[in-house]
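Here the structure comes first, spelled out in structure tokens, and everything after it is commentary.
The values are calculated or read from the model by the stated rules, or taken from the named source; none is laboratory data. Keep in mind that what you see is a predicted model, and the values were worked out from it rather than measured. Positions of Cβ are generated from backbone atoms using ideal geometry, with glycine treated the same way; all protein chains shown enter the neighbour counts.
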Amino acid sequence: MKSDWFPMKVPEIDILVFPPFEGFPREAISFLRRLKRNNNRRWFNNHKVEYILFVKQPMQSYIYALKPYFSLFAPEYDVNPLRSIFRPNRDVRFSSDKTPYKTHIAAHFVLKDKPKGYSGAGYYVEIGLDGIYVGGGIYMPTSDQLRAIRNAIVNKHEEFSEIISETRFRKLLDVNEWNKLTRLPHGFDAKHPLAEWLKYKQFYVGVSWEVEKCYSKAFVLDSVKIFESIANFVRFLNNI
């Protein structure tokens, strides 16, 4: 077991310092694979140290490595190794699948001073058995959020058009993944230049990668390129 995975307290500046991110250990996916076969509380509790060493703490080092980059292109976001990670427990209250644990680890970066679970636009990363997802936006907007987004697209159509026309952004954009209305929402002009955008019910963008990418320390910079490419889009959604 690697004792150097544990963060250290620096008294002079009173912050937690995490070890440099060198990539996720292959034991991380191995652990998640075994968890899928043994998804019960007894097994997880018996192997919790492995979860902490191979899954949670490498994720914390990854997030800590992202912080200086976010300070350059999205300083208003809380990129926190202690607060940004989702718990491993699944919410099974309304699900027919009662297995208690997720077979992935994920983090959500929200605006500073917003509560955990904040439903505004943010950044998201997930590493699991099915691969990696890195992106951001709003995956499931509420009806009020959708109305506000559509009004913003209409009223700030030049700003929005400029954002969605950015070369790096367009390379990531795949609106075919989004849920869409068949008709324009009531009250909007069908002749508006962005009328088709008003039909969408989701506003998120990102990229899926094979899980092997997370084994390298280059995973940090690869993720930063994605996050930076969508920063203006995410910011637009939060300024509606």
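When ILE132 is evaluated against the numbered criteria (1) at pLDDT 95 or above; (2) of a type outside the set (S, T, N, Q); (3) over 20 Å from the mean Cα position of the chain (by Cα), which criterion, by number, is the only one it fails?
All conditions are met except number (3).
Given the options ILE127, ILE132, name the one that is in contact with a Lys or Arg (Cβ under 8 Å, 6 or more places away or on another chain), touching a residue at least 12 places away in the same chain (Cβ under 8 Å), of a type in the set (A, V, I, L, M, F, W, C) and outside any loop (DSSP other than H, G, I, E, B). Write out each step before concluding.
On the way: ILE127 fails: in contact with a Lys or Arg (Cβ under 8 Å, 6 or more places away or on another chain).
Sole residue among the options that is in contact with a Lys or Arg (Cβ under 8 Å, 6 or more places away or on another chain), touching a residue at least 12 places away in the same chain (Cβ under 8 Å), of a type in the set (A, V, I, L, M, F, W, C) and outside any loop (DSSP other than H, G, I, E, B): ILE132.
Between SER216, SER223, which is surrounded by fewer than 16 Cβ atoms within 10 Å (Cβ to Cβ), on the phi < 0 side of the Ramachandran plot and touching a residue at least 24 places away in the same chain (Cβ under 8 Å)?
Working: SER223 fails: surrounded by fewer than 16 Cβ atoms within 10 Å (Cβ to Cβ).
So the residue among SER216, SER223 that is surrounded by fewer than 16 Cβ atoms within 10 Å (Cβ to Cβ), on the phi < 0 side of the Ramachandran plot and touching a residue at least 24 places away in the same chain (Cβ under 8 Å) is SER216.
Quick one: would you say PHE73 is among the aromatic types (Phe, Trp, Tyr) and either within 14 Å of the chain's Cα centre (by Cα) or modelled with pLDDT under 95 (or both)?
no
Would you mind finding the one in ARG87, ARG93 that is within 21 Å of ARG33 (Cα to Cα), without any contact (Cβ under 8 Å) to a residue 40 or more places away in the chain and in a loop (DSSP other than H, G, I, E, B)?
Checking each option against the conditions leaves just ARG87.
State whether one or more residues within segment 15-32 are surrounded by fewer than 18 Cβ atoms within 10 Å (Cβ to Cβ), at pLDDT below 95, assigned to a loop (DSSP other than H, G, I, E, B) and among the acidic types (Asp, Glu).
Within segment 15-32, not a single residue is surrounded by fewer than 18 Cβ atoms within 10 Å (Cβ to Cβ), at pLDDT below 95, assigned to a loop (DSSP other than H, G, I, E, B) and among the acidic types (Asp, Glu).
How about segment 160-206: which of its residues are out of contact with any helix residue (DSSP H, G or I) (no Cβ under 6 Å at 6 or more places or on another chain), of a type in the set (Phe, Trp, Tyr) and part of a loop (DSSP other than H, G, I, E, B)?
If the condition is that a residue be out of contact with any helix residue (DSSP H, G or I) (no Cβ under 6 Å at 6 or more places or on another chain), of a type in the set (Phe, Trp, Tyr) and part of a loop (DSSP other than H, G, I, E, B), then TRP178 is the only one that fits.
Which condition number does ARG83 fail, the rest of (1) at pLDDT below 95; (2) more than 19 Å from ALA121 (Cβ to Cβ) being met?
(2)
In segment 145-157, is there at least one residue being closer than 25 Å to SER71 by Cβ and modelled with pLDDT of 95 or more? Full working, then the answer.
At the first step, the residues of segment 145-157 found to be closer than 25 Å to SER71 by Cβ are none.
No: segment 145-157 contains no residue that is closer than 25 Å to SER71 by Cβ and modelled with pLDDT of 95 or more.
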